[in-house]
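Encoded as structure tokens, here's the structure I'll be asking about.
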Amino acid sequence: MSAYPQFLKAHPEYAASLALDDLRATEYGRLDAQDQVYLDYTGGGLHATSQVHEHARMLSEQVLGNPHSVSPSSMAMTRRVEQTRAAVLEYFNGTGDYTAIFTLNASGALKLVAESYPFAPGGRLLLTADNHNSVNGIREFAAAKGATVAYAPLTQPELRIDPTAMDGLLAQADPTQANLLAFPAQSNFSGVKHPLELVAQAQAQGWHVLLDAAAFVPTNQLDLRAVQPDFAVLSFYKMFGYPTGVGCLLVRNTALQTLRRPWFGGGTVNFATVKGRMHVLSKGEAGFEDGTLNYLGIPAVEMGLRHLQQVGIQTIQTRVHCLTDWLITQLLALTHGNGRPMVRLYGPANMVMRGGTVTLNLYDPQGRLVDYRRVEELAGEAHISLRTGCFCNPGAGETAEDLSEDDMRTGMAQMGDEINLLRFSQAMQERGGKSAGAIRVSTGIASNFTDVERFLAFVAGFKDQTSLTIGSVSFDIESCRVVRDGG
């Protein structure tokens, strides 16, 4: 018997999002036609059918060429690209104050800042333990230029930034030097929404601030008039599924002049000479958009933004909030016959300052960890798309499982030269039953109650099963030496 009436009673505000059920039928009908439960919105959004059709019509009806020219086809394409750039700035309320630089993805945007920021001895890079690896990678550029690198820790068990530690670390900056703080608006591991007040707090103490907004903007409005980071990064496929291969770096105009490119390439220079060994970098965004843009894909970004505006980001947020709250409550209520909990949740157990990302692990009646890779395999057989691993966020995972530096070094030594992650996982199990990964589910624009109900039924199916009866992954994990664990 469905618990839907019970759910509606607990969440009457869900009624405000019922229009999304009609949208699912018209724009995302392939989900039900193929009996698919999609719970990986943090990994990537789903595109609406109308987005693809509108983009296909544009491509089939117009003659569009590489924009780096003044030919009719190039100029037509340039107009579409600049129209999209203006739409991006308008959507985030950054027109006039920010510059929008198109990149391949959020990682590409982060690398632009990392390589161009004026790190130097005396300056600092401050990261949070909760960061995507593409943010963690900035430390390599900072350290190479002599800047001090530090991490702000997380609290347990909610995995929020430790405010006392953060205050102390921010106070260590020399305002006369170049200092950069980088943190996510929303964690791609725990779903925690970190306080955006940190932006102004850090800037007042002499820091530039880089905001990773990739996991935040699919279900929340980022208003660049209300919150003014110096740099913000995002990937559009996370927001509305299509196109992939287009991200954005939003740079506050007052911060753009601090960036210095370490190289130049096609499309970024107004003039270059081989014999004179000189070049003149293009001004504004053109000096940062390396090579040829994904110019045919970029107009689809404007179409996607228009789709979100028509649906309403608040409507999506309401639905995700209700479904996630119900999901967490029901997961934590699951127990084995002997009373032991089936689920361990990482992060907040309520919806206070958290989004629609839920990360967990399953345990058998004896309290032994269930192989998360086996769970993913079984979920696939049940037509449920979820994600497992560390989600390119090692710091949050290490904090969640209380993994120490000694744990990590021991595990790395066990992996050997071939980077065998199975050996690493086994080493963590031997060191107190710690997990090297987890299970992540996330809801989004096309999610409904049935999706959540089916996942809950799937998890409930592990009741009273031992880790031995559930088994391990059936594919040859030994052949998977390196797993590229996408965020």
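Would you call residue 51 closer than 30 Å to residue 454 by Cβ and out of contact with any helix residue (DSSP H, G or I) (no Cβ under 7 Å at 6 or more places or on another chain)?
Answer is no for this residue.
Considering only residues that are surrounded by fewer than 21 Cβ atoms within 10 Å (Cβ to Cβ) and hydroxyl-bearing (Ser, Thr, Tyr), which ones fall in the stretch 172-192?
Passing the criteria: only 176.
Applying the selection to the stretch 299-348, what residues are small (Gly, Ala, Ser), under 27 Å from residue 440 (Cα atoms) and either modelled with pLDDT under 95 or assigned to a helix (DSSP H, G or I) (or both)?
Of everything in the stretch 299-348, those that are small (Gly, Ala, Ser), under 27 Å from residue 440 (Cα atoms) and either modelled with pLDDT under 95 or assigned to a helix (DSSP H, G or I) (or both) turn out to be 304, 333.
Shifting gears a bit: Here are 149, 135, 63: which of them is touching a residue at least 12 places away in the same chain (Cβ under 8 Å) and under 18 Å from residue 247 (Cβ atoms)?
Going through 149, 135, 63 in turn, just one is touching a residue at least 12 places away in the same chain (Cβ under 8 Å) and under 18 Å from residue 247 (Cβ atoms): 135.
Let me ask something additional. Could you list, in sequence order, all residues of the stretch 213-243 that are touching a strand residue (DSSP E or B) at 6+ places or on another chain (Cβ under 9 Å) and over 22 Å from residue 300 (Cα atoms)?
224, 227, 228, 229, 230, 231
Mind listing just one residue for me: the one in the stretch 1-47 that is aliphatic (A, V, I, L, M) and touching a strand residue (DSSP E or B) at 6+ places or on another chain (Cβ under 7 Å) and, of those, farthest from residue 378 (Cα to Cα)?
The extreme case among them is 46.
Right, residue 197: at negative phi and buried (at least 16 other Cβ atoms within 10 Å of the Cβ) or not?
no
Which one of these does residue 45 not meet: (1) within 30 Å of residue 223 (Cα to Cα); (2) in a helix (DSSP H, G or I)?
It is condition (2) that residue 45 fails.
Can you tell me which residues in the stretch 18-42 are crowded, with 20+ Cβ neighbours inside 10 Å, β-branched (Val, Ile, Thr) and not in a loop (DSSP other than H, G, I, E, B)?
37
Residues that are touching a residue at least 40 places away in the same chain (Cβ under 8 Å), more than 21 Å from residue 386 (Cα to Cα) and either surrounded by 14 or more Cβ atoms within 10 Å (Cβ to Cβ) or in the same structural domain as residue 393 (by TED's automatic domain parsing) (or both): does the stretch 339-348 have at least one?
No; the residues of the stretch 339-348 include none that is touching a residue at least 40 places away in the same chain (Cβ under 8 Å), more than 21 Å from residue 386 (Cα to Cα) and either surrounded by 14 or more Cβ atoms within 10 Å (Cβ to Cβ) or in the same structural domain as residue 393 (by TED's automatic domain parsing) (or both).
Ok, one more. Tell me which residues, restricted to the stretch 244-274, are touching a helix residue (DSSP H, G or I) at 6+ places or on another chain (Cβ under 6 Å) and either among the basic types (Lys, Arg) or part of a helix (DSSP H, G or I) (or both).
Selection gives 260, 261.
Okay, moving on. Taking the residues in the stretch 265-319 that are more than 20 Å from residue 108 (Cβ to Cβ) and among the β-branched types (Val, Ile, Thr) as candidates, determine which candidate is surrounded by the most Cβ atoms within 10 Å (Cβ to Cβ).
Filtering first and then ranking leaves 316.
What is the one condition in (1) surrounded by fewer than 16 Cβ atoms within 10 Å (Cβ to Cβ); (2) more than 30 Å from residue 329 (Cβ to Cβ); (3) more than 25 Å from the chain's Cα centre (by Cα) that residue 4 does not satisfy?
(2)
Could you tell me whether the stretch 91-102 includes any residue that is assigned to a helix (DSSP H, G or I), modelled with pLDDT of 95 or more, more than 22 Å from the chain's Cα centre (by Cα) and more than 27 Å from residue 387 (Cβ to Cβ)?
no
Please enumerate the residues belonging to the stretch 185-232 that are under 16 Å from residue 110 (Cα atoms) and among the acidic types (Asp, Glu).
The answer is 212, 230.
Test residue 128 against the stated conditions and say whether it is of a type in the set (Val, Ile, Thr), under 23 Å from residue 261 (Cα atoms), touching a residue at least 12 places away in the same chain (Cβ under 8 Å) and assigned by TED's automatic domain parsing to the domain that holds residue 262.
In short, no.
Check whether at least one residue in the stretch 239-257 is within 14 Å of the chain's Cα centre (by Cα), of a type in the set (Phe, Trp, Tyr) and either within 17 Å of residue 93 (Cα to Cα) or assigned by TED's automatic domain parsing to the domain that holds residue 106 (or both), and report yes or no.
yes
Report yes if some residue within the stretch 160-171 is small (Gly, Ala, Ser), surrounded by fewer than 21 Cβ atoms within 10 Å (Cβ to Cβ) and part of a strand (DSSP E or B); otherwise report no.
No: the stretch 160-171 contains no residue that is small (Gly, Ala, Ser), surrounded by fewer than 21 Cβ atoms within 10 Å (Cβ to Cβ) and part of a strand (DSSP E or B).
Shifting gears a bit: Of the residues 109, 100, 120, 143, which single one is free of Cβ contacts under 8 Å to residues at least 24 places away in the same chain and either touching a strand residue (DSSP E or B) at 6+ places or on another chain (Cβ under 8 Å) or in the same structural domain as residue 291 (by TED's automatic domain parsing) (or both)?
Only one candidate passes the filter, namely 143.
Out of 199, 135, 113, 149, report the one residue that is touching an Asp or Glu at 6+ places or on another chain (Cβ under 6 Å) and not in a loop (DSSP other than H, G, I, E, B).
Result of the check over 199, 135, 113, 149: 135.
(1) over 21 Å from residue 219 (Cβ atoms); (2) part of a helix (DSSP H, G or I); (3) outside the structural domain of residue 218 (by TED's automatic domain parsing): which one isn't true of residue 80, the others all being true?
Of everything listed in (1) over 21 Å from residue 219 (Cβ atoms); (2) part of a helix (DSSP H, G or I); (3) outside the structural domain of residue 218 (by TED's automatic domain parsing), residue 80 misses just condition (3).
For residues in the stretch 238-264 being more than 17 Å from residue 294 (Cα to Cα) and touching a Phe, Trp or Tyr at 6+ places or on another chain (Cβ under 6 Å), which is surrounded by the most Cβ atoms within 10 Å (Cβ to Cβ)?
251
Keeping to the stretch 301-322, report how many residues are hydrophobic (A, V, I, L, M, F, W, C) and in contact with an Asp or Glu (Cβ under 8 Å, 6 or more places away or on another chain).
Selection size over the stretch 301-322: 2.
Another question about this same structure. For the stretch 275-298, what are the residues that are touching a helix residue (DSSP H, G or I) at 6+ places or on another chain (Cβ under 6 Å) and at pLDDT 80 or above?
288, 295, 298
The values are calculated or read from the model by the stated rules, or taken from the named source; none is laboratory data. Computed from a predicted structure; not experimentally measured. All Cβ positions, glycine included, derive from the backbone under ideal geometry; neighbour counts span all protein chains shown.
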